[in-house]
Amino acid sequence: MKSISVKTLLVFLAAALFVACLQAADDPRLEESRALVQSFGTTLQGELKKGLAEGGPVEAISVCKDKAPQIASELSRLSGAKVRRTSLRFRNPANAPEPWETSVLLEFEQQAIGAEAETPSEHFAEDADGTIRYMAVIKTGAVCLTCHGAPLSPELDAILDAGYPHDRARGYALGDVRGAFSVTWPASDDASSR
């Protein structure tokens, strides 16, 4: 029996990855996913800045707790995809990652080690049943540090402790992987024809 050389195996794997990337680049849901994430991020950041200006960090907590799910729900309703935020270190248990999201978040964290701060990270894949899964990394920005950095004011710590007794989302530094936006497109009826 012939053995396959490591070089041959690497060439084969690189070619398969290249073909998969070309197929993903042709899928219109990749651009739709990116647009949804862009809309979510821009809207949420605007709401956070407004909340900080009007009511300080306490209002910013309210924005993430109340307005972020509303933004996600509206984008989901308009697009037909499931749109949300998630993190390995989530504050709200409703934002806990699904198993596939956990894997991608771990990949994002590995990519961030030693990478430039501006390196964009995204994931786009189609499951065997035709479900499309997209994630885009959320890097910790200056506005995020108000409620997710360290140290926080004693008042803010007390409010977070009361509202989120199992909070894991503190102690971030500027540029850390804070989490990700996640978009899941349900399998279409014509998935088997692709």
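When the accessible area of the stretch 22-63 is computed with all protein chains present and a 1.4 Å probe, what percentage of it is carbon and sulfur?
Its accessible area is 54 percent carbon and sulfur atoms.
³J(HN,Hα) across the stretch 58-71 via Karplus (A = 6.51, B = -1.76, C = 1.60, θ = phi - 60°), whole Hz, x for Gly/Pro?
Once θ is set to phi - 60°, the couplings for the stretch 58-71 become 4, 5, 5, 4, 4, 4, 5, 6, 9, 7, 4, x, 5, 4 Hz.
Given the convex hull over the Cα atoms of the stretch 131-193, what projected area results after averaging over all orientations, in nm²?
Over all viewing directions, the stretch 131-193 projects a mean Cα-hull area of 6.1 nm².
Whole number in Å², please: accessible area per residue of the stretch 62-177, 1.4 Å probe, ligands, DNA and RNA not counted.
Details: 6240 Å² over 116 residues.
Counting only protein heavy atoms, the per-residue value for the stretch 62-177 is 54 Å².
Add +1 for every Lys or Arg and -1 for every Asp or Glu among the other residues with Cβ under 12 Å from the Cβ of residue 41, and state the total. Intermediate values should be presented prior to the final figure.
Working: positive: 34, 85, 139, 178; negative: 47.
Taking every other residue near residue 41 into account, the sum is +3.
Once the whole set of protein chains is in place, how much accessible area is left on residue 78, using a 1.4 Å probe, in Å² to the nearest 10?
Taking all protein chains as shown, residue 78 has close to 120 Å².
Please calculate the 1.4 Å probe accessible area of residue 181, with all protein chains present, and give it to the nearest 10 Å².
My reading of the accessible area for residue 181 is about 20 Å².
Just in the stretch 26-116: which trypsin sites (Lys or Arg not before Pro) are loop by DSSP and have at most 16 other Cβ atoms within 10 Å?
In loop regions of the stretch 26-116 (DSSP not H, G, I, E or B), the sparsely surrounded trypsin sites (Lys or Arg not before Pro) are 89.
Just by accessible area at a 1.4 angstrom probe, what is the order of 87, 76, 153 from largest to smallest? Let's see the in-between values first.
Values: 87 5, 76 30, 153 55 Å².
Ranking 87, 76, 153 by accessible area, largest first, yields 153, 76, 87.
Can you give the local net charge around residue 98? Use residues other than it whose beta-carbon is closer than 13 angstrom to its beta-carbon, Lys and Arg +1, Asp and Glu -1.
+2
The values are calculated or read from the model by the stated rules, or taken from the named source; none is laboratory data. Bear in mind the structure is a predicted one, so any value in this text is a computation, not a measurement. Quick reminder, even Gly has a Cβ in these numbers, built from the backbone with ideal geometry, and neighbours come from all protein chains shown. What goes into the accessible areas is simple: the full protein's heavy atoms, side chains included, and nothing from ligands, DNA or RNA. Shrake-Rupley method; radii C 1.70, N 1.55, O 1.52, S 1.80 Å.
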